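The values are calculated or read from the model by the stated rules, or taken from the named source; none is laboratory data. Just so it is clear, the structure is predicted and the values come from calculations on it, not from any experiment. Quick reminder, even Gly has a Cβ in these numbers, built from the backbone with ideal geometry, and neighbours come from all protein chains shown. Quick note on the areas: whole protein, heavy atoms, side chains included, nothing else; ligands and nucleic acids left out. Shrake-Rupley method; radii C 1.70, N 1.55, O 1.52, S 1.80 Å.
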Amino acid sequence: MVYALIALLVACGTSPGTHSPNSSSATVTLTVSAAASLNQVLPPIAKLWEQETGNKVMINLGSTGQLAQQIERGAPVDLFVAADKKSIEDLDKKELVFSETKALYGVGRITLWHREDSSLNIKELQDLTSSEIERVAIANPDHAPYGIAAKQALESIGIWDELQPKLVLGENIRQTQQYAESGNVDVAIVALSNSLNYPGQWILISEDLHQPIEQMLVVPKTALHPESAKQFAGFINSNKGRNLMQKHGFVLPGEEPIK
């Protein structure tokens, strides 16, 4: 009976204890939680990695703070690609991530963005106090690193308190830009990575006005495929990944900032 089963397996091109290279068990699908500022750059990086490895990547975009909370609650996330360092360092202190997998992958920048058809003449942050501008969107600084940077920039020039009646808070940086794209707000403070990919008028906000938006990734201990996640993390910081990150407006670790 056993010999008959072995003969059948051999006839089908397999052998006991092995799997066909083309079987579904030979590949994995990674669950990647990523900051919304990566909505344009991470999918093409993932596609390149999928082509090279045969694996799949499922990307869950959101605000860094909210994604970190999901991991704290035990969400099975293979790789966390955050928009800051602090969220990952906090998870590390709680022993929820593999410390040795922490790595910086880019530094973000913020811009003032408004629609291409807007008649507003916006040259600097101070212009946001103009009576012409009724609504200004930023990502919620309670859980979005780009929102924290926006708040710091507005505080640096002394207009944070004055702008309170005008502020509209987005759940993440992509939703913040959508408010401006739809015309629900006059202008938004958003990520350079998004500004480069959507038609509109924008100016780069000086990096001197806020703390660096140093972005870090890590493999959580809830990962179902930690080894593959480490490989994908390495690919993001490979030449192929770095080239795409730079193309989409991120400053690479160790390189000079965009002026």
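Here are a few things to note about the model shown:
- Within segment 145-183, being at pLDDT below 95 and in contact with a helix residue (DSSP H, G or I) (Cβ under 6 Å, 6 or more places away or on another chain) holds for Asn172, Ile173, Arg174, Gln177.
- Condition check for Val28: modelled with pLDDT of 95 or more and not polar (S, T, N, Q): yes
- Within segment 105-125, considering residues that are open to solvent by 30 Å² or more (accessible area, probe 1.4 Å) and either charged (D, E, K, R) or in a strand (DSSP E or B) (or both), the one nearest to His210 (Cα to Cα): Val107
- Note on segment 60-104: residues that are surrounded by fewer than 18 Cβ atoms within 10 Å (Cβ to Cβ) and under 10 Å from the mean Cα position of the chain (by Cα) total 1.
- Residue check for Ile133: in contact with a strand residue (DSSP E or B) (Cβ under 9 Å, 6 or more places away or on another chain) and either closer than 19 Å to Tyr198 by Cα or among the acidic types (Asp, Glu) (or both): no
- You will find that of Ile148, Ile133, Ile138, the residue that is part of a loop (DSSP other than H, G, I, E, B) and aliphatic (A, V, I, L, M) is Ile133 and no other.
- Any hit, segment 82-92, residues being at positive phi and in contact (Cβ under 8 Å) with a residue 40 or more places away in the chain: no
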